[in-house]
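The values are calculated or read from the model by the stated rules, or taken from the named source; none is laboratory data. All of these numbers come straight from a predicted model, not from anything done at the bench. As a convention, Cβ positions derive from the backbone with ideal geometry for all residues, glycine included, and neighbour counts pool all protein chains shown.
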């Protein structure tokens, strides 16, 4: 399992993914779940993946190999919109699952899922969630964040705090707190965490950082958040008593 998160804001995108991959308690490894495509200066494409690692890596590798080919069905550098990119990822996911699932199913789930975010010149930043069937939905002003993988633990803070006015830096902070809640509650999610803040129309991935478990900011954030929560709980009144 893994956890990937994307947030769509008026000022850009925040994308984050963990690095833990496991096939049982004694087979834990690290694998990057965020793939970035930054070909010509008119597009930035990020693919975040969860699910069967062999399946998702095959999808990403085959799409990388098609870059610059001019193939209207697979070349993400030739895609006119990010919607077209999402359709390419979905179609390739279906193809890989169709080809491999009968061999993989005796050993586990062969499927995967993706978040595809970024920007193609001529349109604003966009964010899509691609399901294991290859179909997808798009984030909007009414649904500003999308998640894949182990989603439930990191969702409440986003539901409560993320809004139209949230800045990229504040959203990045929320993303890290969402990962903290998930990592605390589920052993199948773990650092390093890749975090990208993408300002709209920048066509740059300069604001990509990787946060390891011993990162000083990560340690301070977790400690400060825990202390703040404890103080808030102490300041709240207890439920009324009967009698």
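Points to keep in mind about this one:
For every residue, the table says whether it meets (1) within 14 Å of residue 189 (Cα to Cα); (2) touching a helix residue (DSSP H, G or I) at 6+ places or on another chain (Cβ under 7 Å); (3) at pLDDT below 95.
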site	(1), (2), (3)
19	yes, no, yes
36	no, no, no
59	no, yes, no
63	no, yes, no
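- Residue satisfying condition, being in contact (Cβ under 8 Å) with a residue 12 or more places away in the chain and surrounded by fewer than 21 Cβ atoms within 10 Å (Cβ to Cβ), within set 98, 169: 169
- Residue in the stretch 198-205 that is buried (at least 17 other Cβ atoms within 10 Å of the Cβ) and assigned to a strand (DSSP E or B) present: yes
- Residue in the stretch 166-184 that is closer than 22 Å to residue 32 by Cβ and not in a helix (DSSP H, G or I) present: no
- Those strands (runs of 3 or more DSSP E) of the stretch 20-130 in which 3 or more residues are farther than 17 Å from residue 3 by Cα occupy 43-51, 112-120.
- Where a residue in the stretch 144-159 is on the phi > 0 side of the Ramachandran plot and its partner, wherever it lies, is surrounded by fewer than 21 Cβ atoms within 10 Å (Cβ to Cβ) and not in a helix (DSSP H, G or I), with Cβ under 6 Å and at least six apart: 149/1
- Residue 45 vs. criteria in contact (Cβ under 8 Å) with a residue 24 or more places away in the chain, more than 25 Å from residue 212 (Cβ to Cβ) and crowded, with 18+ Cβ neighbours inside 10 Å: yes
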